[in-house]
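Asker: My questions all concern the structure below.
The values are calculated or read from the model by the stated rules, or taken from the named source; none is laboratory data. Keep in mind it's a predicted model, so treat the numbers as computed, not measured. Counting neighbours? That spans all protein chains shown, and the Cβs are built from the backbone with ideal geometry, glycine included. Surface areas here come from the heavy atoms of the whole protein model, side chains and all, with no ligands, DNA or RNA. Shrake-Rupley method; radii C 1.70, N 1.55, O 1.52, S 1.80 Å.
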Amino acid sequence: MESAQTVERRFACDDGELAPGESMTVPPGGGAKIAVAVYRNDEGTYFATADTCTHEDWSLGEDSDLEGNEVVCPLHMARFDIRTGVALCFPATVALATFEVVVDDGKVYVLG
């Protein structure tokens, strides 16, 4: 017998609320234990990663620069690929956790 696994769906924002090149933080809540940064790249695609820079405690959703598919932490200029979470340069060496994003009926949700 297969076990049913439930994936939590966390509301982030209405579709279009974030302009291309913008990001926001979705706070923990419900069953989610960590804040998530949601980004909308220049092509209009949404991505989500853990909100906190892995180098030092800083919110990437609230205070960062999005350049294409790279987010730059302004604290020490660490860069991450928002599609994979991979750290692209020092001082960050640890990847960000990534989350699937879905748009359903005009609303943006983060899964997991």
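Asker: Mind checking which pairs have a first residue in region 79-108 that is within 17 Å of ILE34 (Cα to Cα) and modelled with pLDDT of 95 or more and a second that is surrounded by fewer than 13 Cβ atoms within 10 Å (Cβ to Cβ) and among the hydroxyl-bearing types (Ser, Thr, Tyr), Cβ under 6 Å, 6 or more apart or different chains?
Answerer: From residues that are within 17 Å of ILE34 (Cα to Cα) and modelled with pLDDT of 95 or more, there are no pairs.
Asker: If GLU8 passes every condition in (1) open to solvent by 70 Å² or more (accessible area, probe 1.4 Å); (2) modelled with pLDDT of 95 or more; (3) within 18 Å of GLY112 (Cβ to Cβ); (4) not hydroxyl-bearing (Ser, Thr, Tyr) but one, which one does it miss?
Answerer: Result: GLU8 passes all but (2).
Asker: Another question, if that's okay. Please identify the pairs in which a residue from region 1-19 that is within 16 Å of LYS107 (Cβ to Cβ) has its Cβ atom under 8 Å from the Cβ atom of a residue that is modelled with pLDDT under 95 and surrounded by fewer than 12 Cβ atoms within 10 Å (Cβ to Cβ), counting only partners at least 6 apart or on another chain.
Answerer: Matching pairs, first to second residue: GLU8/GLY30; GLU8/GLY31; ARG10/GLY29; ARG10/GLY30.
Asker: What do you reckon, is VAL26 open to solvent by less than 20 Å² (accessible area, probe 1.4 Å), in contact with a Leu (Cβ under 8 Å, 6 or more places away or on another chain), modelled with pLDDT of 95 or more and not small (Gly, Ala, Ser)?
Answerer: Criteria not met by VAL26.
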